[in-house]
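What follows is a single structure, written as structure tokens, with notes after it.
Where a number appears in this text, it was derived from the coordinates with a stated rule and is not lab data. The model shown is predicted, which means the values in this text are computed figures rather than measured ones. Please note: Cβ atoms are built from the backbone with ideal geometry, for glycine as well, and neighbour counts cover all protein chains shown.
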């Protein structure tokens, strides 16, 4: 078996699906369907890991191609929190862990509804406050009334 540590996780072993050969520079390993392997690892993590470790948080974040800053903004935490989780200094909070699992599942499915909603929420201008919320019935449903 191949101990596959390149993914950043220390507990992944491959029974097959790879080829090894000697080169003038040493042993070379080629993995078949690397994207599929990583999807399988990620789905196993979100479905079967009771508490995500720092390595697992980092793996999922990198698979979604998110920076620590971007993930932090999406989860509503500081970038230092994500750094702390990934370094293993602090455990990820349960709400953030659940949202990370949802985001990864959505990413794998190719759907972006939740991620887009979270992105919109994370960019809300907190300095704008409605003193009065004016709504109007259009006959086709309610909407914000146009500013007078």
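Given the choices (i) 1.04; (ii) 1.25; (iii) 1.16, Rg/Rh (Cα atoms, Kirkwood Rh) derived from the coordinates of this structure is entry (iii). The label point for residue 49 and the one for residue 140, both projected 7 Å from the Cα toward the Cβ, are 4.6 nm apart.
Packing, taken as the mean count of other beta carbons within 10 Å per residue, orders the peptides 83-94, 18-29, 41-52 from highest to lowest as 83-94, 41-52, 18-29. Note on segment 14-31 and segment 53-111: Cα centroid distance 31 Å, given to the nearest whole angstrom.
In the distance distribution for segment 1-73, Cα-Cα pairs more than 18 Å apart total 47 percent.
What relative contact order, as a whole-number percentage, does the chain give when Cα pairs under 8 Å and 6 or more residues apart are counted? The normalised contact order for the chain reaches 14 percent.
When the P(r) of segment 75-148 is calculated, the portion above 16 Å amounts to 68% of the C-alpha pairs. For the chain, the longest principal axis of the Cα atoms and the long axis of helix 94-109 meet at an angle of about 80 degrees.
The long axis of helix 113-122 is offset from the longest Cα principal axis of the chain by roughly 60 degrees.
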